[in-house]
Amino acid sequence: FKEMVNNLAEHSNATKASITFLEKGKTIYLEVADNGIGFNKEREHNRNGVKNIIRRAEQIGGEATVISEPGQGTTWTFKLKA
């Protein structure tokens, strides 16, 4: 979560953002979304932020995904079953 919000604040140039926490049954959901500049997640980056977020989520038994396109903002989702 911290890395998602940090990336939003430092790199997105967003004018709007939303953070949603939801518990449904025994699953916790988190979404961090913005209307910023987005990025091409297929392009090689010097930073490891995206890989680190996904790796950290997997290490605790969760799943993190990102949807982003240049000029279309970014939406991160995280799911963790209890």
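Fully extended, how many nm does the chain gain between Ile60 and Thr27 (0.36 nm per residue separation, minus their Cα-Cα distance)?
Length difference between fully extended and current span is 10.5 nm.
Show which lysines lie in cross-link reach of Lys24 when reach means a straight Cα distance below 24 angstrom and same-chain residues fewer than eight apart are skipped.
Lys2, Lys79, Lys81
Counting heavy atoms of the protein chains only and a 1.4 Å probe, report the per residue accessible area for the chain as a whole number of Å².
73
So if I place +1 on the C-beta of Lys and Arg and -1 on the C-beta of Asp and Glu, and nothing else carries charge, what would the dipole magnitude of the chain be about its Cα centre? I want it in debye, nearest 20.
Charge dipole of the chain: 260 debye, to the nearest 20.
Within 12 Å, Cβ to Cβ, of Thr27, how many net charges do the neighbouring residues add up to if Lys/Arg are +1 and Asp/Glu are -1?
+2
Take the Cα pairs of the chain, get the Kirkwood Rh, then feed it into Stokes-Einstein at 25 °C and 0.890 mPa s and tell me D in µm²/s.
Once the numbers are plugged in, D ends up at 188 µm²/s.
Report Glu69's accessible area, 1.4 Å probe, all protein chains in place, as a number in Å² to the nearest 10.
110
Quick one: what are the phi-derived ³J(HN,Hα) couplings along the stretch 23-30, Karplus 6.51/-1.76/1.60 with θ = phi - 60°, whole Hz, x for glycine and proline?
Per-residue couplings from phi come out as 10, 10, x, 9, 10, 9, 10, 9 Hz.
The values are calculated or read from the model by the stated rules, or taken from the named source; none is laboratory data. Fair warning: this is a prediction, and the values are worked out from it, not measured in the lab. Glycine gets a Cβ as well: all are built from the backbone with ideal geometry, and neighbour counts include every protein chain shown. For accessibility, only protein heavy atoms count, side chains too; no ligands or nucleic acids. Shrake-Rupley method; radii C 1.70, N 1.55, O 1.52, S 1.80 Å.
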